[in-house]
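Worksheet: one structure, shown below.
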Amino acid sequence: MNDAVVDTSRLRGGRGVKSRPKGRQVDATALADVRALLGNAPRDRSLLIEFLHRIQDARGHLPAAHLVALAQEMKLAMTEVYEVATFYHHFDVIDAGATPPPPITVRVCETLSCQMAGADALRAAVIAQSGADVRVIGAPCIGRCEHAPAAVVGRNPVDRATPARIAEAIAARALEPPLPPYIDLAAYRSDRGYRTLIECVQGRRDVDAVIGELENSALRGLGGAGFPAGRKWKIVRNEPAPRLMAVNIDEGEPGTFKDRHYLERDPHRFLEGMLIAAWAVGIEAIYIYLRDEYAACRTLLKRELDALLADPPCALPHIELRRGAGAYICGEESAMIESIEGKRGMPRLRPPYVAQVGLFDRPTLEHNMETLYWVRDIVERGAAWFADQGRNGRKGLRSFSVSGRVVKPGVHLAPAGITVRELIDEYCGGMQPGHAFYGYLPGGASGGILPASMGDIPLDFDTLQPHGCFIGSAAVIVLSEHDRARDAALNLMRFFADESCGQCTPCRVGTAKAAELMAKPQWDKPLLDDLSQAMADASICGLGQAAPNPIACVFKYFPHELGEASRTDTA
């Protein structure tokens with residue numbers, strides 16, 4: 001027998017490499033930094049996105065070493081951390097040896113209202129004037145469409161942006177937004193604030209009576225789906241405890257900014273409505289999901305929640321404020337729930353519905369912020385006060401986010417069922433000088449496009465579906481004769497392609513392919529029709545299902561824009 005020593009390292013490690021643990025090794029300095037940033041916060045799996053924000057805020061990006069350290073600290077697989085960090089727009093994952101982004105990021109909104117206001121030229125001009133310490137990128141809708149074109153320097157929005165205004169913000173290092181004037185806790189309480197909640201908790205109001213007022217008011221979900229609010233309360237209330245609530249303020253639909261409008265002015269009216277709903281349904285814990293673009297809202301909401309919890313009007317459920325990270329898809333209720341749980345924002349297959357199996361697998365009451373904003377007024381004033389304010393046979397009030405070619409863009413509270421012509425003339429000051437009404441989007445990017453000749457349709461739930469459109473979150477974008485519906489549709493399709501979560505092939509591939517086809521001078525109708533049908537029939541969630549709406553509307557209502565250039569066969 002040969003007594004020579006056998007080098008078993010070759011057998012253990014292969015190819016002569018010494019054995020070592022698999023995967024990336026934890027850097028001690030990065031681990032210490034991560035631990036300091038996390039502090040005493042519980043290493044809960046659902047807090048992964050919150051912890052990624054802490055690192056991004058402190059370092060300006062997410063170094064790969066910190067992701068490895070975070071995975072170890074939270075006892076997660078590196079793949080779990082990496083897939084979440086790379087899913088969201090606002091995280092910058094930088095591998096070892098790669099160059100981090102510049103210290104200042106300027107995001108120029110490039111979706112429809114801002115593009116109509118000159119965002120493309122603005123972005124080019126800002127790139128030309130910026131130095132090496134500034135990164136200028138396009139951004140999906142930032143929820144400031146009434147101030148188009150809009151940009152963000154750091155987290156500080158620049159309304160009606162010009163190259164000079166952006167340069168001023170950069171020079172001033174104005175990276176954090178100032179707080180707007182708003183009604184704080186003391187001022188809110190001085191005007192009967194939280195008295196209705198106290199009456200509910202003390203038994204002076206009956207749960208069934210309160211839910212009945214909600215049902216009789218015809219209040220429906222104002223995030224876009226339009227499900228009757230009172231009926232939703234009944235459904236979740238009948239589910240076994242513990243029951244949770246998820247509040248959706250991930251207002252990412254292009255053209256929509258109503259939630260920000262109300263939150264920046266009267267946050268406690270929303271919070272009281274939220275707490276009344278929690279009382280009526282028997283909610284144990286509430287999770288408020290706020291989009292990351294609304295930095296000022298996050299600051300004021302955290303401040304007012306802290307004040308409320310320090311001096312509560314009654315016993316309160318557990319409340320957590322969670323921060324989005326830039327993903328339009330998280331406006332979908334199940335995708336938002338996945339994000340609150342610290343995961344990628346990918347919609348769930350249904351059934352089961354979130355009312356039965358929602359956040360942390362518990363029955364969940366999911367509501368848009370504005371829906372809850374109206375609860376206090378309806379309970380105090382009665383269902384008739386809200387329901388009697390509609391027009392054209394409709395019930396209630398609608399907060400229309402209006403942008404585009406009108407004199408007075410903004411949030412306009414108007415009767416449900418008002419027509420777009422009435423909205424423009426009575427609330428928006430008419431069309432801008434030199435612009436004639438040509439067309440409109442009644443429900444943001446997803447809601448389709450209609451011509452001015454159809455401007456007398458009542459704007460409400462269920463009134464637009466016969467025409468291939470819907471009101472959604474009541475984001476109205478007004479076009480003039482200087483615009484083309486086909487250009488608007490292309491802008492929207494590029495948005496959908498960029499924002500698709502990628503989970504299902506019809507949406508992931510269909511939106512990208514449709515945008516490619518729509519950018520050509522000739523629109524191949526048979527192929528676009530096939531793509532549209534596949535997306536509508538087979539996509540998991542509303543993004544892919546509604547993405548074809550603008551295409552269908554252009555073919556149906558604006559064929560003159562396509563003319564002879566559009567192919568009607570594949571020969």
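Things worth noting here:
- Integer Hz, Karplus 6.51/-1.76/1.60 couplings in order for the stretch 64-73, x for Gly and Pro: 4, 4, 6, 5, 4, 5, 5, 4, 5, 4
- Alpha-carbon centroids, the stretch 406-466 and the stretch 479-509: separation in whole Å: 20 Å
- Computed log₁₀ I(q)/I(0) - Debye formula, equal Cα scatterers, no solvent, the stretch 385-459, q 0.16, 0.17, 0.26 Å⁻¹: -0.55, -0.62, -1.33
- Note on the chain: Kirkwood radius taken over Cα pairs, Stokes-Einstein applied at 4 °C and 1.567 mPa s, translational D equal to 51 µm² s⁻¹.
- For the pair T86 and D120 in one chain, pulling the backbone fully straight at 0.36 nm per residue adds 9.6 nm over the alpha carbon distance.
- A cut-off of 5 Å between modelled amide H atoms, ignoring neighbours fewer than 5 places along the same chain, links I94 with L62, A64.
- Of all DSSP beta bridges in the stretch 81-181, antiparallel share, percent nearest 5: 50 percent
- Note on the stretch 241-374: Rg/Rh from C-alpha atoms, Kirkwood Rh, equals 0.94.
- Rg ratio for the stretch 136-279: its Cα radius of gyration over 2.2 N^0.38 Å, N being its residue count, equals 1.35.
- Using a probe of 1.4 Å on the protein chains alone, the accessible area found for D184 is around 60 Å².
- Derived scalar couplings ³J(HN,Hα) [the stretch 77-90; Karplus, 6.51 cos²θ - 1.76 cosθ + 1.60; whole Hz; x for Gly, Pro]: 5, 4, 4, 5, 5, 5, 5, 6, 4, 8, 7, 9, 4, 8
- Over 14 Å [Cα-Cα, the stretch 478-556], rounded percent: 56 percent
- Mean separation of Cα contacts under 8 Å, 6 or more apart, over the residue count of the chain: relative contact order %: 12 percent
- Segment Q465..E176, full-extension length gain: 99.9 nm, with 0.36 nm per residue of separation and the alpha-carbon distance subtracted.
- Calculated accessible area for the stretch 350-410 comes out at 36 Å² per residue, all protein chains present (probe 1.4 Å; ligands, DNA, RNA ignored).
- Modelled label positions at R135 and A32, each set 7 Å beyond Cα in the direction of Cβ, lie 2.7 nm from each other.
- J(HN,Hα) series, the stretch 55-63, from Karplus relation 6.51 cos²θ - 1.76 cosθ + 1.60, nearest Hz, glycine and proline x: 5, 4, 5, 6, 9, x, 6, 10, x
- Sulfur and carbon atoms: percent of accessible area, the stretch 142-252 [1.4 Å]: 51 percent
- At the residue level, R189 shows approximately 60 square angstrom of accessible surface with a 1.4 angstrom probe and all protein chains present.
- Under a 5 Å amide H cut-off, with hydrogens placed 1.01 Å from N, I319 pairs with I286 among residues at least 5 apart or on other chains.
- Each of P347, N368, P442 was placed along the dipole of the stretch 338-466 (beta-carbon charges, centred on the mean Cα), and the one lying farthest toward the positive end is P347.
- Carbon/sulfur fraction of accessible area - the stretch 446-543, other protein chains in place, 1.4 Å, %: 53 percent
- Sites matching trypsin sites (Lys or Arg not before Pro) across the stretch 241-270 that sit in DSSP coil, with at most 15 neighbouring C-beta atoms within 10 Å: R265
- For D537, the accessible surface of its heavy atoms amounts to roughly 110 Å² (probe 1.4 Å, protein chains only, rounded to the nearest 10).
- Here W385 and N238 are evaluated by their C-beta separation; at R0 = 35 Å the FRET efficiency comes out at 0.80.
- Compactness of the stretch 161-210 is given as radius of gyration and Dmax, 21.5, 58 Å, from Cα positions.
- Given R0 = 35 Å, the distance between the Cβ atoms of K75 and E320 translates into a calculated FRET efficiency of 0.95.
- Once the Cβ-Cβ distance of R59 and A436 is raised to the sixth power relative to R0 = 51 Å, the FRET efficiency obtained is 0.50.
- CD proxy at 222 nm, helix term only [per DSSP H run n ≥ 4: -39500 (n - 2.57); per residue of the chain; nearest 500]: -11500 deg cm²/dmol
- Interchain or long-range residues, amide H under 5 Å from D524's placed H: R567
- Accessible surface, the stretch 58-133, averaged per residue in Å² (probe 1.4 Å): 43 Å²
- In this label model, R303 and L349 are separated by 4.7 nm, measuring between points 7 Å along each Cα→Cβ vector.
- Cβ charges +1 (Lys, Arg) and -1 (Asp, Glu), total dipole of the chain, debye: 940 debye
- Where T99, T86 fall by accessible area, highest first, once all protein chains stay in place (1.4 Å): T99, T86
- For the stretch 462-571, accessible area per residue (1.4 Å probe, heavy atoms of protein chains only), Å²: 42 Å²
The values are calculated or read from the model by the stated rules, or taken from the named source; none is laboratory data. Computed from a prediction, not measured in an experiment: that's the story for all the values here. Every residue, glycine among them, receives a Cβ derived from its backbone with ideal geometry; neighbour counts consider all protein chains shown. These area figures cover heavy atoms from the full protein model, side chains too; ligands, DNA and RNA do not enter into them. Shrake-Rupley method; radii C 1.70, N 1.55, O 1.52, S 1.80 Å.
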